1. Is there a residue in segment A:172-189 that is open to solvent by 50 Å² or more (accessible area, probe 1.4 Å), in a loop (DSSP other than H, G, I, E, B) and closer than 14 Å to residue A:152 by Cβ?
2. Just wondering, is there one or more residues in segment B:267-278 that are in the same structural domain as residue B:150 (by TED's automatic domain parsing), more than 30 Å from residue B:771 (Cβ to Cβ) and in contact with a Phe, Trp or Tyr (Cβ under 8 Å, 6 or more places away or on another chain)?
3. Of all the residues that make up segment B:318-332, how many are at the interface with another protein chain (Cβ under 10 Å from one of its Cβ atoms) and assigned to a helix (DSSP H, G or I)?
4. If you go through segment B:143-170 one residue at a time, how many are β-branched (Val, Ile, Thr), closer than 16 Å to residue B:201 by Cβ and open to solvent by less than 20 Å² (accessible area, probe 1.4 Å)?
5. Quick check on my filter: what residues within segment B:350-373 are more than 14 Å from residue B:38 (Cα to Cα), among the hydrophobic types (A, V, I, L, M, F, W, C) and modelled with pLDDT under 85?
6. When you look at residue B:247, is it at pLDDT below 85, of a type in the set (A, V, I, L, M, F, W, C) and open to solvent by 10 Å² or more (accessible area, probe 1.4 Å), yes or no?
7. Determine if segment B:776-796 includes at least one residue that is touching a Gly at 6+ places or on another chain (Cβ under 7 Å) and either open to solvent by 60 Å² or more (accessible area, probe 1.4 Å) or modelled with pLDDT of 80 or more (or both).
8. Would you point out the residue of segment B:366-380, among those that are open to solvent by less than 70 Å² (accessible area, probe 1.4 Å) and out of contact with any helix residue (DSSP H, G or I) (no Cβ under 7 Å at 6 or more places or on another chain), that is farthest from the other protein chains (Cβ to nearest Cβ)?
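The values are calculated or read from the model by the stated rules, or taken from the named source; none is laboratory data. Here the structure is a predicted model, which means the values were calculated and not measured. When we count neighbours, we look across all protein chains shown, and the Cβ atoms used for this are built from the backbone with ideal geometry, even at glycine. Accessible surface is based on the protein model in full, side chains and every heavy atom, while ligands, DNA and RNA are left aside. Shrake-Rupley method; radii C 1.70, N 1.55, O 1.52, S 1.80 Å.
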Amino acid sequence: MIQAKNLKKVYSTEEVETTALNNVNIEIKEGEFVAIMGPSGCGKSTLLNIMGLLDNPSDGEYHFLGHDVSNRTERERAQLRKGNIGFIFQSFNLIDELTVFENVELPLLYLGMSADERKEKAEAALERMSMMHRRNHFPQQLSGGQQQRVAIARAVVANAKLILADEPTGNLDSDHGNEVMKVLAELNEQGTTIVMVTHSPHDADYAMRVIHLFDGHVVTENMQEGFHV
Amino acid sequence: MFKNYLKIALRNLKKYKIDSFISLSGLAIGLCCCVILIMYVRFEWSYDNFHTNKNSIYRLTGQTVNSGNNEVRHSTIHPYPQSIALEEEFPEIKSLINISGGSAQFLKDGKYILEPIKFVDPEFLSEFTFPLIFGDSKTALSNVDNIVITESAAKKYFGKTNAVGELMTIRLRDEPKDFMVSGIAKDVPANSSIQFNFLLPFENQISSASAKEQKTLSGSWYIGFLETWITLKEDANKEDLEAKFPAFLERHFGNSWVERNQIQYGLQPLSQVYFNENYRSGVTQSSNKAYSLILGSIALVILLIAGINFMSLTLSRYTSRYHEIGIRKTIGAIRHQIKFQIIGEVFITCSFAIILGIVLAELLAPYSGVLFQKELDLSLLSDPVLWISVLGLLVILTLITSLYPAVKISGKNATSLFSDDRSAQKIPVLIKGLIVVQFGLAITLMIGTYVMKGQINFILNKDLGFNPENVVAVEINSELQNALKIGQLYSTEAQRIPGVLSTSVTAGEYRDYSKYGIVDIGMAQMMSATTLSQLGDGIPSEAVDAQYLETMDIELVTGANFSKQANTFPSDEIIVNQAFVEAMAWDNPIGQILEDKPEDQGWVGPFDGKKVIGVIENYHFKSLYDPLQPMVLQHIETVERNPGTILIRLSSDRMPETISNLKSLWNSIAAQEAFNLAFMDDMVQRQYNEEIRWNRIIRISSMASILLACFGLFGLSALVAQRRIKEIGIRKVFGASIKNILVLISKDFVLLVICGFAISPPVAWYLSNQWLTGFSYKIDLDALPFLYGGLTVLLIALTTVSWQSVKAAFQNPVENLRNE
């Protein structure tokens, strides 16, 4: 599903050049659950942004679903992202002005689906995350765990093949964190590929494979015990 | 999708209540002010448009040049025989209408009421569009004993609209006469420069004069008292007719007269009557076109300021929505969808504000008369121009406001939207530019207002050469046969009343018809033709008694006043002013005898052979629009003229009591005559009513624009304070004082206002100078109005910004940081 060869990402300002990723080579197959770990500033989020087609690499190749997407325009990346990739963020990133239902429905709106279809799919996603009873609430009226479940519902509503999660439990207490991890594991069992950036070894235990990054390099790649691709 | 945008737009309005309120209501209020002001400007520009024949109606104008000082004089007043000659000699004239204004006393419930009237030729009703509700326009004024009145006059006098056939008792002169109502005209529209309630056939103007006067009025080519209006035949041309006037003038006035005075006649189209202030007329109203242009510009400035507020607040709010847009991009929104969202949202809020503004304007329009001091009918909603302009405004405002954020934000990629979210703390350059423009405009208006105010104060407080304070003018109907007797008796008796300092009888008609929009101080209004080229085309004079100088507080510079003893004054004595002495270049004026006899004509100037016995200080017998002129005082008993006014100087103590005694005295002497009293200082001030009125309108509009600008500043500073809340928290944790925080937030805005101040003086200076050129007596432009204007606006702006800064500075830093 994902092949990255010699990926490089350099951020430059007038005076400083910062290399966030340096010669990163990664391959992720469909159905995998991969955790990316490493200290702050090691390039985890940058890697996730490139994987999620939010950003282009400075150098190297990146293939997604068989397409070379290393140097696509914003428009092309957006087209490819739609319906294929779902995002989950540490800070949930729900739109405060929209209700739970409207937040979940949003990706379908951008896919141009009809109102009936949107309603059916968004309700199914909310049902799946056990959030139907909160459909008319606004994000601020929910607990952190509930907000993250809504964010997951939004990520899966369009049947995304890949879910990218950036520290999905970072803002949650352990009970709510476990709840979210279980949901992700379930999704993975149902066939969704998941790539998750995390600081937590406990969360990483849910993954099949853990990639360790340090200063923009991949330092180790471990298969977790009991998992086989 | 649109529904989603609408939802977001409405929820955002709700979420950011204060700045939504400020940007929406600011735009709505700005639009409301702008719509009302523009409607008024359109009203001013619509004067006389309703006449069907407006393109073929002209007023005959005359222009003369004073060979002494090359001063150009404009006049609309013409002699009666000239009208007859014009009609006979020029077949291209379809009809010629003589019009003159005057007043008459109308009997109602046993008392006479003074009303302004117009004397007009019968064609007046068929050529001008003043439709009759009852009666026939063609014949209504053909009988000399008929009168046409308006609907409201009919209701006032007869309690009904159809008063055709009713009789009205009117006193034009001494004796009352009955006139039959032959037509009821629809009330004259407010935008008509000719206003009337009563129309009398023109012959009455002449026949109501004394036998001697009748002969002069109907026969003299040198006494003008009427306006000549002309309609041209379809195939006739204005320029062709005008080209024939020089020959006409020479035929009738003689070559030397025309040459000496450089007389020119012209035809003024009806459409130019209202805005041509050169021709001040007793028949038509006029206004200064510059004022409506100024007001129109202020309206646009207000709209611009409100638009800039809306733009800067909307733009600033978008910088705080990077995060939301980042999320939308992450989950699949493409660039044009984001663009469309932003444009759509702005369109929705903008429409909302515009609808609110129009509703507000519609609600306030009926009260706009309070501001404009003119009753006008503003029908907003039925005006297609308004709707087209509003649609245009909606599109322009939406595009200007939304295109910049739409293009800028939609072009960013999602990751940079997330990372820029916290850094969007500074005011964008575009918004800074807008604030500078906004305050530049507001300060320019403020300076202009100060200049206007300064000039008006200067005029009102200028030493006029006479003292109008505590002087009252009691009206005498000079048409009364025993007017002189009444006047002199009243004058003598009034001096016995405690509180009366002195009294004087004058032929001048000092009238305060301000309720009809006419103020006529009537000082030195007699104009006599002269052959003395140093004195221009005529000598203004006034017939007074010996107490005139004392009562009006006019200083005698040299020589003597008229004798105060009855019947002891030789009829050839005159008193002149200093300007007269200068014009004649006399070293020793006392004892000079005027020679005013042309060699080639039998005609003799009225001042020929008169001897100068005294010289008075110059005084402004005309308004300060006109420069000082040579003038002459004659004794009233030597010129066989009836008095028009008794002037009384009162002590400032117990004035109401003195006035009530004056009224009782009047009723005991002339019980059948109404007692009309006017204050001289009020009349002087009312000469500048139009300036005072416009100054008020412009001052209020300028204040509105400054408040609107500050309204925007308030919203923007709130937004900036809110966005810098974390920075403020950190600064406070590390020791910043309240003062430091105040300076931190305010300094950027204050700098912008100062930049605005820097660009305004040249514009304000140019505009103020343009306006001041209209006055003969004016203030010198110094730095003060500029300083006041800048400081006033700076102070208001500073107060506005500090409100938010103080709020931010006093917040608990721990809370600030936690909120982040």
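1. no
2. No, every residue in segment B:267-278 fails to be in the same structural domain as residue B:150 (by TED's automatic domain parsing), more than 30 Å from residue B:771 (Cβ to Cβ) and in contact with a Phe, Trp or Tyr (Cβ under 8 Å, 6 or more places away or on another chain).
3. 8
4. The total comes to 4.
5. B:370
6. No: the conditions fail for residue B:247.
7. yes
8. It comes out as B:374.
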